[in-house]
1. What number of residues within the stretch A:117-147 are charged (D, E, K, R) and within 14 Å of another protein chain (Cβ to nearest Cβ)?
2. Quickly run through the stretch A:111-164 and pick out the residues that are at pLDDT 95 or above and of a type in the set (S, T, N, Q).
3. If residue A:167 meets every condition in (1) farther than 25 Å from residue A:249 by Cα; (2) touching a His at 6+ places or on another chain (Cβ under 7 Å); (3) at pLDDT 95 or above apart from one, which number is that one?
4. Restricting to the stretch A:117-157, what's the tally of residues that are of a type in the set (D, E, K, R) and surrounded by fewer than 24 Cβ atoms within 10 Å (Cβ to Cβ)?
5. Please state which of the following conditions residue A:161 fails to meet, knowing it meets all the rest: (1) out of contact with any strand residue (DSSP E or B) (no Cβ under 7 Å at 6 or more places or on another chain); (2) within 19 Å of residue A:240 (Cβ to Cβ); (3) open to solvent by less than 10 Å² (accessible area, probe 1.4 Å).
6. Count, please, the residues in the stretch B:110-145 that happen to be of a type in the set (Gly, Ala, Ser) and either outside any loop (DSSP other than H, G, I, E, B) or more than 7 Å from chain A (Cβ to nearest Cβ) (or both).
7. Just one of the numbered conditions (1) open to solvent by less than 10 Å² (accessible area, probe 1.4 Å); (2) free of Cβ contacts under 8 Å to residues at least 24 places away in the same chain is not true of residue A:114; which one?
8. Which condition breaks for residue A:286 when tested against (1) within 30 Å of residue B:136 (Cα to Cα); (2) open to solvent by 40 Å² or more (accessible area, probe 1.4 Å)?
Amino acid sequence: MSDVVTMDDLSNEEILSILDDSKRLIPVARGDVHLPLLEGKVLANMFYENSTRTRMSFETAMKRLGGSVLNFTSVGTSVAKGETLYDTMQMIDGYADIAVIRHPRQGAAQYSADAVDIPILNAGDGAGNHPTQTMLDLFTIMEAHGKIQGLNVVLVGDLRYGRTVHSLSHALIRFGARLTLVSPETLTMPDEIVRDLRSTGAEISESSDLSGSIPDADVIYMTRIQKERFPDEDEYTKVAGIYTLGSKDMHGAKDEMIVMHPLPRVGELHPSLDSTPHARYFQQAFNGVPTRMALLCRGLGVTIPKEVK
Amino acid sequence: MSEMRRVTAICNGTVIDHIPAGHALQVIRMLRIDTNKSNPISLVMNVPSDKMGRKDLLKIEDLELNQEELDRLALISPNASVAIIRNYGVAEKRVVELAEELVNVARCTFTNCITQNDREPLPQRLRVVSREPMEIRCYYCGKVQTMTDIVDNIL
């Protein structure tokens with residue numbers, strides 16, 4: 001199966017192989033090497049929800065590999081007229097060779113994968129999964145530390161609604177990381193996810209104290225408290241801005257500790273952090289391109305040459 | 001047989017024994033039996049049982065449940081024993097089996113699941129993730145469904 005709906009669709013060996021492919025594709029992602037592996041192929045970017053980085057990095061990835069892109073938004077299309085996801089996907093099945101989908105409803109990517117023959121890559125379904133973000137996050141961690149096993153990864157912020165951290169925490173556990181979950185009480189990781197993680201024997205600690213977690217961290221993964229996921233404005237105001245990091249907070253940190261963020265940031269990362277060696281979020285955003293290139297190639301059954309030049 | 005003192009034998013139909021105590025009404029709902037116009041049903045609840053301590057029992061007259069219907073029952077009563085009765089005798093014994101997936105048995109309860117749109121045509125699918133303890137999740141959105149959720153959302 002070439003769909004990637006959750007990280008469970010990829011074995012550990014496949015993940016490592018995709019990360020390895022991604023590394024070789026960096027010069028192509030930068031535009032330094034011309035490698036039209038996907039020439040003549042069409043990607044449908046199906047975005048039922050807003051996106052900047054995910055949509056654009058998929059588009060760049062496809063175009064740098066010589067393919068073309070159909071960009072779909074739900075505004076002003078047949079979806080606004082009440083078309084079902086099933087019907088829209090039937091149409092896309094005829095127009096494209098592979099599709100990336102982001103949808104506000106959970107389960108939409110699996111549903112699409114079942115509805116059509118072309119490979120589906122999940123780019124976020126409600127508060128569910130976001131596996132291609134996880135791949136670029138793993139790539140960024142490997143790039144900095146050369147391993148995942150034994151690292152203490154501190155996940156901070158909205159762990160309840162943040163789909164990024166749901167997919168990522170599963171993957172980190174599979175590769176033997178330790179997790180420290182830092183969130184306000186109203187935004188803790190959903191019970192069923194924590195239960196799943198613990199059932200694997202993983203080492204997980206929960207806290208609401210960010211500053212106390214800094215000295216022992218190898219990775220601090222900050223997230224934005226997402227206003228759009230709150231049913232109630234008051235609940236949002238209570239926790240907005242609760243966790244912030246700036247350069248002054250880095251004094252007690254390990255030298256090699258990296259700060260990541262799926263972006264956009266609103267106030268949780270002070271710009272003073274950008275110039276420190278810990279900041280890795282813009283590199284992380286770039287890493288979306290080579291990892292999504294590797295995932296597109298996998299989906300389309302195209303092998304990446306052992307040497308890219 | 002203590003329950004024999006409570007309800008009489010039936011001539012034809014289905015007897016479901018060893019239902020967990022207090023769950024007989026849920027079983028009726030799971031089987032989609034319309035109690036307003038159904039065949040005669042004898043319902044025995046919370047009677048002593050050697051095997052289970054207490055149990056429920058149902059006798060449904062003039063209705064032979066098929067395997068698909070029985071498998072729905074497996075959700076709340078995986079260890080039920082079922083006998084098909086013909087002319088006052090046990091004609092067949094059937095085993096209740098919990099399938100790995102329940103297709104179009106109940107609707108996912110999560111309000112933000114893709115399947116909440118009634119017009120989406122793909123089937124409702126619930127996966128049995130674990131049997132002991134029983135854990136059931138929506139195949140699409142992954143949300144855990146409680147037994148009460150399932151009984152309240154039978155299709």
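The values are calculated or read from the model by the stated rules, or taken from the named source; none is laboratory data. Small disclaimer: the values here were computed from a predicted structure and weren't measured. Cβ atoms come from the backbone with ideal geometry, glycine included; neighbour counts cover every protein chain shown. With ligands, DNA and RNA removed, areas are computed over all heavy atoms of the protein, side chains included. Shrake-Rupley method; radii C 1.70, N 1.55, O 1.52, S 1.80 Å.
1. At the first step, the residues of the stretch A:117-147 found to be charged (D, E, K, R) are A:117, A:125, A:137, A:143, A:147.
Narrowing the set further to residues that are within 14 Å of another protein chain (Cβ to nearest Cβ) leaves A:125.
Qualifying residue count, the stretch A:117-147: 1.
2. Hits for the stretch A:111-164 are A:112, A:122, A:132, A:133, A:134, A:140, A:149, A:152.
3. It fails just one condition, (3).
4. Matching residues across the stretch A:117-157 total 3.
5. Among (1) out of contact with any strand residue (DSSP E or B) (no Cβ under 7 Å at 6 or more places or on another chain); (2) within 19 Å of residue A:240 (Cβ to Cβ); (3) open to solvent by less than 10 Å² (accessible area, probe 1.4 Å), the lone unmet condition for residue A:161 is (3).
6. Adding up the residues that qualify gives 1.
7. Failed condition: (1).
8. (1)
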